[in-house]
Amino acid sequence: MKIISSLFVALISLSALSAAQEQKVPRTFELEAKSPEFWKLISRDAKLETVASGFGFTEGPVWDKAGFLYVSDEEQNKIFRVYVKDGRKEELISLGDPDGNTYDRQGRLIDCASVLRAIIAISKDGKYEVLADKFEGKKLNSPNDVILGPHGALYFTDPTLDLVKGEKQEIPFQGVYRLDADGKLTLLTKDLTQPNGLAFSPDGKKFYVDDDEHRNIRVYDVGKDGSLSNGRLFGEEPGGKGDGVPDGIKVDLHGNLFVTGPKGIWVWSPDGVHLGTIALPEQPANLTWGGKDLRTLYITATTSVYRLDTKVTGFSQK
């Protein structure tokens with residue numbers, strides 16, 4: 001009887017262990033260096049701080065010198081001002097599925113309005129103007145992320161990731177575009193399956209864009225006319241189901257890339273070497289440089305906005 005009883009207890013223990021292993025392990029903040037160069041960018045004793053929480057799904061952070069961030073909430077369908085000193089939230093606009101944001105040369109907030117299938121400019125009192133919603137007479141898919149590029153043009157990605165259910169895809173590809181100040185819209189490339197985050201190198205000679213479906217980052221050479229050429233693989237960010245995919249991209253003044261990806265922010269050298277990962281408690285979607293000296297990363301991660309001080313200065317188009 002003792003043998004049978006012991007065997008039964010052992011089987012119960014193994015079953016409990018198996019069940020525990022199947023449960024999702026809570027994420028924590030960790031700095032995972034793959035190269036000593038990582039510690040030149042992030043302090044070993046860096047601490048992650050929560051700026052604000054209680055959102056549905058955060059995206060598109062943009063730093064304002066007045067001490068707040070513009071933050072999209074794709075579930076609450078709003079864009080907020082989030083004050084970094086105390087986490088206070090102030091609604092700017094109610095808008096169906098707002099996504100990536102940036103400033104243009106005029107200082108206007110530019111948003112990828114997924115439901116409108118448009119790039120829009122939003123005034124400080126919450127009114128908006130459509131800047132682009134068609135290419136060659138066909139509706140855009142669902143603009144995802146946007147940045148200010150050299151010479152004042154806006155660059156954005158247009159995947160089908162947030163195409164409203166039931167709406168027709170009119171453009172038979174997922175493109176990357178340039179929107180000039182005069183309203184001219186130019187297709188730069190259509191060789192990605194689901195283009196998402198994008199960024200320029202500080203010297204403006206390289207252009208980076210990641211692809212959700214293939215979990216990789218591509219780099220292009222930038223011509224004097226703003227055209228892209230010589231597209232090639234820069235890096236890959238593999239991960240398991242539910243771990244997250246490459247999304248927002250920011251660069252520092254030295255050309256290092258900070259790319260949201262599986263479990264956190266992947267840090268890359270300008271040469272495509274994965275220096276390390278900033279693992280986060282929630283899956284990040286995007287990030288921006290902020291603070292007086294642009295040495296702080298503000299990160300939108302699922303239901304929260306986080307802050308992490310770094311050793312480097314962020315690059316920002318002006």
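Nothing in this text is a laboratory measurement; each read-out follows from the coordinates by a stated rule. Quantities reported herein were computed from a predicted structural model and do not represent experimental measurements. All Cβ positions, even for glycine, are placed from backbone atoms using ideal geometry, and neighbour counts span all protein chains on display.
In table form, for the structure just shown:
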{"quantity": "Structure-derived semi-axes √(5λ) of the Cα gyration tensor in Å - corresponding label in [x] 46, 19, 16; [y] 35, 22, 21; [z] 38, 24, 17", "calculated": "[y]"}
{"quantity": "Residues whose placed amide H lies under 5 Å from that of N256, excluding near-sequence neighbours", "calculated": "none"}
{"quantity": "GNM flexibility winner over the chain from R215, R88, R117 (Cα, springs under 10 Å)", "calculated": "R88"}
{"quantity": "Vicinal HN-Hα couplings computed from phi for region 72-86 (Karplus, 6.51 cos²θ - 1.76 cosθ + 1.60; Hz; Gly/Pro x)", "calculated": "7, 10, 6, 8, 7, 6, 9, 10, 10, 8, 10, 7, 6, 6, 10"}
{"quantity": "Spin-label zone in region 287-318 - amide nitrogen under 12 Å from a point set 7 Å from the Cα of K47 along the C-beta vector", "calculated": "309"}
{"quantity": "P(r) weight above 16 Å for region 260-318, C-alpha pairs, percent", "calculated": "47"}
{"quantity": "FRET efficiency, L187 to D86 (Cβ-Cβ, R0 51 Å, nearest 0.05)", "calculated": "0.70"}
{"quantity": "Highest average packing first - 29-37, 301-309, 193-201, Cβ atoms within 10 Å", "calculated": "193-201, 301-309, 29-37"}
{"quantity": "Estimated [θ] at 222 nm from DSSP helical runs (n ≥ 4, -39500 (n - 2.57)) normalised by residues in the chain, nearest 500", "calculated": "-2500 deg cm²/dmol"}
{"quantity": "Aspartates and glutamates with Cα under 20 Å of K138, excluding same-chain neighbours fewer than 8 positions away", "calculated": "D111, E129, D158, D162, E167, E170, D180, D182, D191"}
{"quantity": "With Cα atoms, 0 to 90° folded angle of helix 2-22 axis to the chain main axis", "calculated": "10"}
{"quantity": "Contact order relative to length of the chain, as percent, for alpha carbon pairs under 8 angstrom and 6 or more apart", "calculated": "17"}
{"quantity": "Net charge dipole size for region 28-309 [Lys, Arg +1 and Asp, Glu -1 on Cβ; Debye, nearest 20]", "calculated": "460"}
{"quantity": "Approximate spin-label separation W39-A279, in nm, with each point projected 7 Å along Cα-to-Cβ", "calculated": "1.9"}
{"quantity": "Candidates G152, G264, G242, ranked by Gaussian network fluctuation over the chain, Cα under 10 Å, top entry", "calculated": "G242"}
